[in-house]
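Just so you know, all these numbers are worked out from the coordinates, no wet-lab data involved. The structure displayed is predicted, hence computed values, not measured ones. Neighbour counts run over all protein chains shown; Cβ positions are idealised from the backbone, glycine included.
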Amino acid sequence: MTTAAAAAPVSPDQAQFGGQCVEGLAEGRHVPTTCALSWADKDGKVYCFSNPAARKSFLESPTANLQKARDFFAASSTESTEKAMESFDSSDAEAVVKAHIESVLQANGGIFPLEDARTGESLKLAFDGIDFTRTIDGYGFFPDVKFHDSAQPDRRYLIDFWVAPAAGVLKIQETRIYKEPAQADGKWVLMARSPIPWWWIPASEHPGKMATKRGWEVMSAVEQGALTEQAKNHGIFKLKDDKTGQVLNLEFVDTHQPIRQLDENGHYFACTDFRVAGTKDQVYDIDFWINDKDGTMTIEQTRVHKVPEQKDGQWIQVPRYEWKDLGSSHVVP
């Protein structure tokens, strides 16, 4: 039996599994808690319990119980999100986004500041309203919001907000530029970025109920994994370079399209861009291997594909290998 380590008080959203009772997860149940009872492992990660009996039971075999909790949590995340979404609708998601935007505007003199994840540019936007909201079962709501450049009103943007339930409330998971201003015939027009955010690919499908995974499902798994890791380190994605051993401090930018599936073992393969934290043009190409385990997308391996090197005063990406070297594969629709 293991003695519980003292854990500093945390809110549920700061604990592992969103503050759900880890013993409940190990038993195959979702039980929200206030984190009044908790335990910290040797790495400082905090786990919560719904009552003293649950904590006592968990600590009788913490390693085995934690693995059970992880397995259940991973296998049921899409299903549980779909179930949790039944308590909300698109208007609720829009209200969350509007409240967030209004708070930011009030704190910044009527300006909505947004860093362009791809270019590193600091945008100063003015809010125009919500265009419409997409709903994807098992993943969340996606309000599409209209903005314009505060200094040039004819430079318009469409910004997507990914909103999903967590610990009983809707929370903004990610913000992404969907359309940006581009000049055509001397005028500013809205142009969709390429690649587009993954959530623009599906219509209203039911993830997890199809015989084969779609490319957008793989992209969502990769991006959710990246965002989760960043949240653990104050917005920094830490990755050990498999060649140099250096720990890289990165920020997620985008996932490439298309997604490929390896013919040899069926694993999915996704390329992504990560910018070196604190820079604008030093970009790594990071590859993810994803496996479909019982309907749940699980990241199996992460590897540096291309590294930024400066040549003639500019940063370029230099490949360490070619994806074709990994064997035959095919594009996932």
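Below, the figures for the structure above:
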{"item": "Per DSSP, loop chymotrypsin sites (Phe, Trp or Tyr not before Pro) in the stretch 294-324 with at most 10 further Cβ within 10 Å", "result": "none"}
{"item": "Cα-projected label distance for residue 256 with residue 320, points at 7 Å along beta-carbon direction, nm", "result": "1.5"}
{"item": "Isolated Cys residues of the chain, judged by Cβ distance under 4.7 Å to other cysteines", "result": "21, 271"}
{"item": "Karplus-derived HN-Hα couplings along the stretch 22-37 (A = 6.51, B = -1.76, C = 1.60, θ = phi - 60°), whole Hz, x at Gly and Pro", "result": "5, 5, x, 4, 4, 8, x, 10, 9, 10, x, 9, 9, 6, 5, 10"}
{"item": "Debye log10 I(q)/I(0) at q = 0.08, 0.09, 0.11, 0.15 Å⁻¹ for the chain, Cα point scatterers", "result": "-0.43, -0.55, -0.83, -1.45"}
{"item": "Relative packing of 102-114, 165-177, which averages over residues the other C-beta atoms within 10 Å, highest first", "result": "165-177, 102-114"}
{"item": "Set of lysines with alpha-carbon distance to residue 146 below 17 Å, sequence-local pairs under 8 removed", "result": "98, 124, 179"}
{"item": "Amide hydrogen neighbours beyond the local backbone of residue 155, cut-off 5 Å, H modeled", "result": "149"}
{"item": "Under the Karplus curve 6.51 cos²θ - 1.76 cosθ + 1.60, θ = phi - 60°, whole-Hz ³J(HN,Hα) for the stretch 79-91, x wherever Gly or Pro sits", "result": "5, 5, 5, 4, 5, 5, 5, 5, 8, 9, 9, 4, 5"}
{"item": "Cut-off under 5 Å, modelled amide H: who pairs with residue 305 long-range", "result": "285, 286, 287"}
{"item": "0 to 90° range, to nearest 10: angle between helix 215-232 axis and the chain longest Cα axis", "result": "70"}
{"item": "Nitroxide proxy distance, nm - points 7 Å out along Cα→Cβ at residue 279 and residue 34", "result": "4.8"}
{"item": "Alpha-carbon centroids, the stretch 110-146 and the stretch 227-249: separation in whole Å", "result": "26"}
{"item": "Inter-probe distance in nm under a simple model that places probes 7 Å from Cα toward Cβ, at residue 232 and residue 103", "result": "2.5"}
{"item": "Rounded Å value of the spacing that divides the Cα centres of the stretch 151-167 and the stretch 313-332", "result": "32"}
{"item": "Entries in 187/311; 171/293; 45/238; 280/306 that, when Cα-Cα distance is taken, lie over 23 Å", "result": "187/311; 171/293"}
